[in-house]
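The values are calculated or read from the model by the stated rules, or taken from the named source; none is laboratory data. Since the model is a prediction, treat every value here as computed from it, not as a measurement. Here the Cβ positions follow ideal geometry from the backbone for every residue, glycine too, while neighbour counts run over all protein chains shown. Just the protein is used for accessible areas: all its heavy atoms, side chains included, with ligands, DNA and RNA removed. Shrake-Rupley method; radii C 1.70, N 1.55, O 1.52, S 1.80 Å.
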Amino acid sequence: MRILLLGSGGREHALAWKIAASPLVTKLWCAPGNAGIAREAECVALDIADHAAVIDFCRSNAVDFVVVGPDAPIAAGIVDDLAAAGFKAFGPTKAAARLESSKKFTKALCRANNIPTAAYEHFTDANQAKACIRTRGAPIVVKADGLAAGKGVVVAMTEGEALAAVDMMFGGGLGEAGAEVVIEEFMEGEEASFFALCDGEHALPLATAQDHKRAFDGDKGPNTGGMGAYSPAPVMTEATCARVMEEMIEPTLRALAAMGSPYKGVLYAGVIVTSEGPKLVEYNARFGDPECQVLMLRMMSDIVPALIACTDGQLKNFSLRWFDDAALTVIMATRGYPGSYGKGSVIEGIDAAAKVEGVEIFHAGTIVKDGAILANGGRVLNVCALGKTVTEAQARAYAAVERIKWPEGFYRRDIGWQAVARERNL
Ligand code: GLY
């Protein structure tokens, strides 16, 4: 089977690593890829926003199956366009992906189907949104309706912060994504990420994970795309996972099928475990990054048949096997991220780091120049490890991080702290 993977981040490196291990794969390309992905796949310099170019590549190279990693091409309808051209692709259609690309769509779907989530109101006018904030008070959550590259959610601890977020969004700070906003009740609890493969009708739960969104230790500093993650998330007990399936994932699939937009692909539910049980924070129409990296390390089964069963509507009797081990990843980012940062600094020691027992290193923003690995983005490396416990995986990942010589990089030193604290108290 000839597979084309779309994307260039750590998530796509982990997917490429897992797909390349499948005996079903005879050829794997990745567009555009990165320096690490180039070890698993042939990287091709395609602009994945140019759907016609992707389709031409599939035609010229007899591609059998396309796997779409990031949110932007999914929201732009690449799966629809590939299907119209006769190519099978893993991922939801543009209409089904509104679960991620429109907050108001998801909130309305939750309200209509009694899916537990924060109470909300939706606004197209800044003054009305501000009046709502003044009435409800802080803490309160302000969300841009559209995709905003991880910048569209403001958890405001004061009324002033919430009002400023409304001004920023309606003032064009997030472009079209902020033309409408959702104001939500603040929810208290521990957050986790839940993933399910969906074939339009059936859902197969995957493993759980927890990520660390803030830039600095102690969950301080600005929000990022994620500075580290681990799996499984102990807060997601078997009973909680069963409730997420029954109260969120299954009614969502039924509702989308009834609308004529069946959801196929991976559905990522950001959940918060409150004193009343799990509630939905948001849906994403793709694997999480960096959660995908730890999921791929723990997945024992071949992923390719699962992705195909998902796309073909054949998940009903499908199952996947997982390693019992925990997995943890530490993100190494360029200093300045998530604000402005430089490119082109040299990173050394990656091969030595990869020799630490249980360690796997996935690249995000890297390129190769004259044989050297250079930083080429904000999040740059994902230093991942398996261990019998999160504590062991954490120790291995940090032992590997210490072998990497990159003065222009930084990382958090406390990835996995909730799980490690729980393990200490067992
Ligand atoms: N880890 C957060 C995300 O992928 O959106």
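Below are the figures for this structure:
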quantity	calculated
Heavy-atom accessible surface of segment 369-426: percent carbon and sulfur, 1.4 Å	51
Within the accessible area of segment 1-128 (1.4 Å probe), percent carbon and sulfur	50
Residue-level accessible surface for F90, protein heavy atoms, 1.4 Å, Å²	10
Whether the chain is rounded, prolate or oblate, judged on the alpha carbon gyration tensor where a/c under 1.5 counts as rounded	rounded
Helix-only mean residue ellipticity at 222 nm for the chain, each DSSP H run of n ≥ 4 adding -39500 (n - 2.57), per residue, nearest 500	-8500 deg cm²/dmol
Percentage, to the nearest whole number, of Cα pairs in segment 226-353 over 20 Å apart	60
Surface per residue (accessible, 1.4 Å probe) for segment 272-426, Å²	43
Carbon and sulfur %, accessible surface of segment 140-253 computed with the full protein complex present, 1.4 Å	54
Whether segment 158-222 is rounded, prolate or oblate, judged on the alpha carbon gyration tensor where a/c under 1.5 counts as rounded	oblate
Sites E423 and A84 - FRET efficiency at Förster radius 51 Å, r taken between beta-carbons, to 0.05	0.55
The chain: most fluctuating residue of K143, K388, K94 per GNM, C-alpha cutoff 10 Å	K388
Accessible area in square angstrom per residue, segment 156-251, 1.4 angstrom probe	39
